Amino acid sequence: MEQTNQIKMLTAGAVLMGTLLSPTLQAEDNLNVSLSTGLQSVNTRAPGMIFSEGESLRNTLVINKGNLTGIIWSDYDTKKGQVNEVDFIGCYFSKLSENLSSNTCVEHYTYPKLGYDSDTLLTNSLNYKFDNDIDFTLNTKHHFENDSVESGQLYQVGVGKNFSLGDVNLRASGEIGYCDNFFGCDGLTVGRVELSASKDLTDKLSASLSFQRQFSLNDNFETTNVVGANLIYKF
């Protein structure tokens, strides 16, 4: 098992480095780096699990160049006083038409203090933007089998609308999920509605607030409220 996890870690690192160093990138593409930190009332993760006992302190490093993005994400459980999860993600974005786009990612989740086997997923997000700032999203997630969990799929359908109030950017969105043996889940998962607001504080620093209501559609998951605040710095 330890050797398997080491192989997965090396694979995730290779994907991340390949994302950042790919020779297919155009020389004129700028390298964009951002670092964010935020506090969320509880850590929820697909398909609807609550993954922390206390507030979740979340830090994210994003490196983007052209169509490629590398992400390192961590979750610190403030009640336990430990890092529950560190994720390594590499993504490729493609514009399929004027309104339709696709984002495909390899995601590797590790659990430094929880003792769980690491998880590797292949995900895709199809997004269609309408002319009235409404967008429709179809997410698919495939979880590869490991020593603890069989392979499975998760499908999520969402709709959202962007609008503004003065210099504050607002977004209202909703989502519903369906799983096929995804971490042992079958059938409907949860429904979510969310309202978020973001504002540029300077040309490099922005802040955001969000409120999410998660509705349980499956006996394995809870109905809960999730409140979050975030600061993002762009280098």
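A short reminder: the numbers here are calculations on the coordinates, not readings from a lab. Note that this is a predicted model, so its numbers are computed, not measured. Note that each Cβ is placed from the backbone with ideal geometry, even for glycine, and that neighbours are counted across all protein chains shown.
Based solely on C-alpha atoms, express the radius of gyration and the Dmax of the stretch 144-235 in angstrom.
17.0, 52
So what's the stretch 66-138 giving for Cα Rg divided by 2.2 N^0.38 Å, two decimals?
The reported ratio for this selection is 1.44.
List the extent of the Cα atoms of the stretch 101-178 along each of their three principal axes, largest first, rounded to whole Å.
50, 25, 19
Please give, to one decimal in nm, the separation of the simple spin-label points placed at Leu188 and Leu205, each 7 Å out from Cα toward the Cβ.
If labels sit at Leu188 and Leu205, their model points lie 4.4 nm apart.
Computed FRET efficiency, Cβ-Cβ of Phe130 and Leu231, R0 30 Å: what is it to the nearest 0.05?
The pair Phe130/Leu231 has a calculated efficiency of 0.45.
Beyond 18 Å between alpha-carbons counts as too far, so tell me which of Lys65/Lys95; Lys79/Lys141; Lys65/Lys161; Lys80/Lys113; Lys95/Lys161; Lys65/Lys234 fall in that bin.
As for pairs spanning more than 18 Å Cα to Cα, those are Lys79/Lys141; Lys65/Lys161; Lys95/Lys161.
Can you tell me the alpha carbon radius of gyration of the stretch 67-210 divided by the globular rule-of-thumb value 2.2 N^0.38 Å?
1.19
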